[in-house]
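Enquirer: One structure follows; several queries about it will come next.
The values are calculated or read from the model by the stated rules, or taken from the named source; none is laboratory data. Source: prediction; values computed, not measured. Reconstructed Cβ throughout: ideal geometry from the backbone, glycine too, with neighbour counts over all protein chains shown. Note: accessible area is taken over every heavy atom of the protein model, side chains too, but ligands, DNA and RNA are not part of it. Shrake-Rupley method; radii C 1.70, N 1.55, O 1.52, S 1.80 Å.
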Amino acid sequence: MTITIKTEKDIEILREGGKKLARVMKHVLSFIAPGISAEELDRIAEEKIKQESAQASFKGYEGYPSSICVSVNDEIVHGIPYKEKILQEGDLIAVDIGLIYNGLFTDMARTVIVGKGDIDARRLLTVTEKALARGIGAVKHGAFVGDIGRAVESYVHPYGFGIVRKLVGHGVGYGVHEEPQIPNFVSSDTKDAKLLAGMVIAIEPMITEKGEDIITDADTWTVRTKDGSRAAHFEDTVLVKKNGAEILTRI
Ligand code: MF3
Ligand code: CO
């Protein structure tokens, strides 16, 4: 497997797909309120995805049972949208959605607080969102994948938050996950691939209030912090260009 370079025609489709995904995300987030279940959010997403003439890429991916991931508080990613998962005031909700549009894949995640939340939760969200922006800021033709992780880590480090190291971003577009892996930290165990114009990658910092260790639930999907501290997750699909990045998952 090698890193793929997308054709102009495919980039055009990914641009459209990314906009569709951003609209689906906005729609789903607008329903987040105390009392709604994660399962209802999944249904709302499915309906909107259909309206956008797209498909949910996660459903059936390695047996994943739902269209979206909803990860609450200490859940970091891949939370299954169970109907018993009822959102409560102050909860931190990470919504992760993947679309297939015209055969091409985009990926996006946002974390929000139900209601106002406490100051620590708000800070965690702001820092994680800015970490994503820093990562995206490191992208351009000729830069290295490692520059992204360095930008994320150097930004997050002073806040004392944990950076999840067992999960990483990835290439995307022709599949849910493509090469290369995109760590959110300086890594010595992956070879540092060069970014080239036409590559499409998903950058997705997963940041915790404290520890970096993770555990996976018996459902084999839900990933949570080992120490029970809360986590935030922001993800965008971006196109590598000559002088920077184009964020595809924006309206
Ligand atoms: N955005 C998720 C990731 O990159 C995709 C999850 S696939 C699922 O890890 F099947 F777990 F939903
Ligand atoms: Co992803």
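Enquirer: Within straight cross-link reach of Lys194, meaning Cα distance under 27 Å, which lysines are found once same-chain residues fewer than 8 apart are removed?
Expert: The reachable lysines, counting only those whose Cα sits under 27 Å from Lys194, are Lys6, Lys9, Lys19, Lys130, Lys140, Lys166, Lys241, Lys242.
Enquirer: Quick check: at a probe of 1.4 Å, how many percent of the accessible area of the chain sits on carbon and sulfur atoms? Walk me through the intermediate numbers first.
Expert: Numbers: 5720 of 11020 Å².
Looking at the chain in its full context, I get 52 percent from C and S.
Enquirer: Sum up the charges of everything whose Cβ sits under 12 Å from the Cβ of Ser30, counting Lys and Arg as +1 and Asp and Glu as -1, but leave Ser30 out. Display every interim value, and only then the final one.
Expert: Working: positive: Arg23, Lys26, Lys48, Arg110; negative: none.
Taking every other residue near Ser30 into account, the sum is +4.
Enquirer: Going by average Cβ neighbours within 10 Å, how do the peptides 67-79, 119-131 rank, with the highest at the top?
Expert: 67-79, 119-131
Enquirer: In the chain, which whole DSSP H runs stretch at least 15 Å along their own axis (Cα) and average 0.0 or higher on the Kyte-Doolittle scale? Don't jump to the answer; show the numbers that get you there.
Expert: Numbers: long enough: 8-29 (31 Å, -0.46); 38-51 (20 Å, -1.21); 119-137 (27 Å, 0.18); 145-156 (17 Å, 0.38).
Span-like helices in the chain: 119-137, 145-156.
Enquirer: Heavy atoms of the protein only, probe of 1.4 Å, neighbouring chains included. What is the accessible area of Ile49 in Å², nearest 10?
Expert: Taking all protein chains as shown, Ile49 has close to 10 Å².
Enquirer: Further question on the same structure: First select every other residue whose beta carbon is under 14 angstrom from the beta carbon of Glu40; then total the charges, Lys and Arg +1, Asp and Glu -1. Present the calculation step by step, with values, prior to reporting the outcome.
Expert: Working: positive: Arg43, Lys48, Lys83, Lys85; negative: Glu39, Asp42, Glu46, Glu47, Glu84.
Charge balance in the 14 Å sphere: -1.
Enquirer: Grab the other residues whose beta carbon is less than 10 angstrom from that of Glu204, score K and R as +1, D and E as -1, and report the net.
Expert: The answer is -4.
Enquirer: Measure out, as a whole number of angstrom, how far apart the alpha-carbon centroids of segment 176-251 and segment 48-124 sit.
Expert: 15 Å
Enquirer: Same structure, new question: Place a +1 charge on the Cβ of each Lys and Arg in the chain and a -1 charge on the Cβ of each Asp and Glu, then give the dipole magnitude about the Cα centre in debye, rounded to the nearest 20.
Expert: Values: 32 positive and 37 negative charges, 170 e Å.
With only Lys, Arg, Asp and Glu charged at Cβ, the dipole is about 820 debye.
Enquirer: Can you compute log10 of I(q)/I(0) for the chain with the Debye formula, treating each Cα as one identical point scatterer, at q = 0.15 Å⁻¹?
Expert: -1.02
Enquirer: Which of Ala133, Thr225, Gly169 sits farthest toward the positive end of the charge dipole of segment 95-251, with +1 on the Cβ of Lys and Arg and -1 on the Cβ of Asp and Glu?
Expert: Looking along the dipole axis, the top candidate is Ala133.
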